[in-house]
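First the structure, in the form of structure tokens, and then the observations on it.
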Amino acid sequence: MVKVDRKVIKELRKIVGKERCLTDFEDRLVHSYDATKQSVIPDVVVKPRSTEEVSAVLKVAHERGIPVYGRGAASGLTGGSVPVEKGIVINFSEMKRILEIDSANFVAVVEPGVVLEDFQKEVEKRGLFYPPDPASSDVATMGGTVAECAGGLRGVKYGVTRDYVLGLEVVLANGDVIHTGSRTVKNVTGYDLTRLLVGSEGTLGLFTRIIVRLIPLPESVVTAIAFFDDLAKAAEACSAIMASRVLPRAIEIIDRMCYRTVQKYRKAPISEKAQAVLLVETDGTMESAGAEMTKAVSVCREHGAFDISETDAPKESEALWQLRKSVSPALYSICRKRINEDICVPRTELPATFARIEEIGRRHGILIGNYGHAGDGNIHVNLLLQEDSPELAAKAERAVEEIFRAALEVGGTLSGEHGIGNTKSRFLSMEIRPREMGLMKDLKRLFDPKNILNPGKIFV
Ligand SMILES: Cc1cc2nc3c(=O)[nH]c(=O)nc-3n(C[C@H](O)[C@H](O)[C@H](O)COP(=O)(O)OP(=O)(O)OC[C@H]3O[C@@H](n4cnc5c(N)ncnc54)[C@H](O)[C@@H]3O)c2cc1C
């Protein structure tokens with residue numbers, strides 16, 4: 001591990017100024033963790049304001065082989081921004097300008113530190129829409145969501161972050177600045193470096209500008225909540241809605257345990273016999289959103305749903321989504337340690353997958369709560385450990401491996417949207433075969449021969 005000495009600090013101060021080069025313990029401590037609650041304290045934190053400053057910082061780091069960790073809001077769930085080998089953290093919060101919203105061409109250009117929800121509000125004022133919507137959108141940054149290829153609630157209809165990124169300005173490990181893609185929706189000129197970099201988790205380059213595609217803001221949105229007395233029935237309803245040729249913009253599932261936990265904190269509707277909740281949202285014109293919801297609700301009823309309510313009032317809809325968005329933070333209150341996985345399976349495999357997860361949890365004596373983006377088969381499987389013991393940790397590790405195996409056996413994947421980081425890297429070879437793994441490692445070496453960009457992530 002290469003130490004950051006006084007000479008390096010002096011050089012970094014020359015680049016960003018003393019105020020934006022943080023060496024105090026407290027400043028470094030708050031840059032030591034992400035939402036996984038791992039903590040490694042970096043040697044120094046810099047807060048650049050321009051591409052030139054990011055490039056100069058990387059040149060210093062590259063020359064000496066010092067690890068560099070990009071950091072957005074640190075809401076990542078796989079340790080992505082944790083500086084596991086210390087070194088330099090680059091905090092992008094000072095690069096938060098929306099540089100352009102081109103309403104005529106449906107394109108926007110932003111700096112990486114822009115908070116996703118702030119950006120969405122700005123484009124929506126102009127009747128435009130940026131659909132990627134992780135449940136952390138009120139804090140997560142554009143840079144972090146592009147680096148993770150965040151998915152979220154609307155993936156089922158609108159896809160994920162990669163479907164909206166048209167181009168990038170990227171600072172490479174050696175400080176060189178490259179530009180990928182263009183401002184056009186179509187572009188097949190050369191290899192698609194943009195697509196390679198989206199989801200690269202800060203390991204191939206650091207984004208300093210992001211060009212994204214926008215679409216028209218749907219005129220109308222209808223949201224419904226439906227309770228089921230059986231988790232499998234709720235999962236079956238989800239596939240049946242899609243089979244009825246309705247494409248909701250969100251279908252979220254929450255199991256009884258997760259829902260009950262949220263209920264302790266918020267006033268939430270609940271039926272005593274409910275074992276699962278579906279939240280369904282349609283959008284379009286007033287007529288089409290309403291007609292699609294009528295169809296979706298009738299499919300839910302056919303699958304045994306009861307206590308269904310729907311609304312097109314934005315405030316009421318927001319209250320329903322706050323329920324869903326509170327699940328993740330609320331779960332921390334009922335366990336000593338939480339392991340949050342995000343397997344993704346073909347939608348029709350959801351009922352069987354829930355049954356497998358239940359059986360795995362029971363066999364290992366581990367409490368498991370499930371919720372997530374049922375519409376695209378992406379379930380957040382939460383192992384809620386009641387004590388912090390090595391025995392329970394070992395059992396949880398085995399349970400996680402079995403859950404991954406279950407997902408792979410039905411044609412799924414280890415991670416739908418949270419990425420690999422350092423929490424899943426030891427499982428990567430379960431899905432990626434040696435040849436493909438070799439190619440990925442070759443690419444990493446090509447972009448970052450000294451392995452200074454986010455070392456310790458993705459690969460073991
Ligand atoms: C309550 C909660 C709910 C969530 N719900 C969802 C969800 O529904 N869907 C979903 O997909 N995710 C979800 N997440 C995960 C998380 O919000 C996303 O991973 C988010 O994309 C990370 O953004 P961030 O700004 O916090 O990035 P960080 O956590 O700071 O960083 C994430 C990764 O991006 C890299 N990075 C940061 N900035 C740059 C840059 N400028 N250039 C290159 N690399 C960079 C970091 O090095 C790191 O590897 C949730 C998290 C929480 C806590």
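The values are calculated or read from the model by the stated rules, or taken from the named source; none is laboratory data. Please read all numbers here as calculations on a predicted model, not as lab measurements. Virtual Cβ from ideal backbone geometry, glycine too; neighbours counted across all protein chains shown. Just the protein is used for accessible areas: all its heavy atoms, side chains included, with ligands, DNA and RNA removed. Shrake-Rupley method; radii C 1.70, N 1.55, O 1.52, S 1.80 Å.
A few notes on this one:
- Karplus-derived HN-Hα couplings along segment 94-109 (A = 6.51, B = -1.76, C = 1.60, θ = phi - 60°), whole Hz, x at Gly and Pro: 8, 10, 10, 8, 8, 7, 6, 10, 9, 5, 6, 9, 6, 9, 9, 10
- GluC sites (Glu not before Pro) within segment 232-287: DSSP coil, no more than 14 neighbouring Cβ in 10 Å: 272
- When you restrict to C-alpha pairs under 8 Å that are six or more residues apart and normalise by the size of segment 96-216, the relative contact order lands at 30 percent.
- Viscosity 1.306 mPa s, temperature 10 °C, Stokes-Einstein D of segment 1-56 from Kirkwood C-alpha radius, µm²/s: 131 µm²/s
- Note: segment 6-93, Cα convex hull, 84 Å³ per residue.
- Residues whose placed amide H lies under 5 Å from that of residue 208, excluding near-sequence neighbours: 169, 170, 171
- The fraction of Cα-Cα pairs per 5 angstrom bin, counted from 0 for segment 218-329, comes to 2, 13, 25, 25, 20, 11, 4, 0 percent, rounded to whole percents.
- In order along segment 383-391, the Karplus-derived 3J(HN,Hα) couplings, from 6.51 cos²θ - 1.76 cosθ + 1.60 at θ = phi - 60°, round to 8, 10, 8, 7, 9, 9, 9, x, 5 Hz, and Gly and Pro are given as x.
- Legend: calculated FRET efficiency, residue 178 to residue 245, from the Cβ-Cβ distance at R0 = 45 Å, rounded to 0.05, equals 0.55.
- Inverse of mean 1/r across different Cα pairs in segment 96-143, Kirkwood, Å: 10.7 Å
- Dipole of segment 218-329 [Lys/Arg +1, Asp/Glu -1 at C-beta], most positive-end residue of 246, 289, 265: 265
- Amide H contacts of residue 102 (H built 1.01 Å from N, under 5 Å, at least 5 apart or other chain): 107, 108, 109
- Within the chain: Cβ-based charge dipole about Cα centre, in debye rounded to nearest 20 (Lys, Arg +1; Asp, Glu -1): 1260 debye
- Magnitude of the charge dipole, segment 218-329, Cβ model with Lys/Arg +1 and Asp/Glu -1, debye to 20: 480 debye
- Whole-number percent relative contact order across segment 338-460, with pairs defined as alpha carbons under 8 Å at least 6 apart: 29 percent
- Separation of the residue 291 and residue 367 label points, Cα + 7 Å toward Cβ, nm: 4.7 nm
- Pairwise centroid distance, computed over Cα atoms, of segment 44-84 with segment 339-359, Å: 35 Å
- Length added when fully stretched, residue 263-residue 118, from 0.36 nm per residue minus Cα-Cα: 49.4 nm
- For segment 287-431, the average shadow cast by the Cα convex hull is 10.4 nm², which is a quarter of the hull's surface.
- The alpha carbons of segment 96-216 stretch over 39, 29, 28 Å along the principal axes, in descending order.
- Based on alpha carbons, the Rg and Dmax found for the chain are 22.3, 70 Å.
- Here residue 332 sits with roughly 80 square angstrom of accessible surface, probe radius 1.4 Å.
- Once the Cα-Cα distance is subtracted from the 0.36 nm per residue extended length, the residue 196 to residue 409 segment shows a gain of 74.0 nm.
- Average silhouette area of segment 105-170, convex hull of alpha-carbon atoms, in square nanometres: 4.3 nm²
- For segment 127-139, the Karplus equation 6.51 cos²θ - 1.76 cosθ + 1.60, evaluated at θ = phi - 60°, returns couplings of x, 10, 9, 10, x, x, 8, x, 5, 9, 4, 6, 10 Hz by residue, with Gly and Pro reported as x.
- For residue 431, the accessible area of its heavy atoms, probed at 1.4 Å with every protein chain present, is near 70 square angstrom.
- When the trypsin sites (Lys or Arg not before Pro) in segment 1-93 are filtered for DSSP coil states and for at most 15 other beta-carbon atoms within 10 Å of their beta-carbon, the remaining sites are 3, 37.
- Value of relative contact order over segment 6-93, rounded to a whole percent, pairs C-alpha under 8 Å and six or more apart: 34 percent
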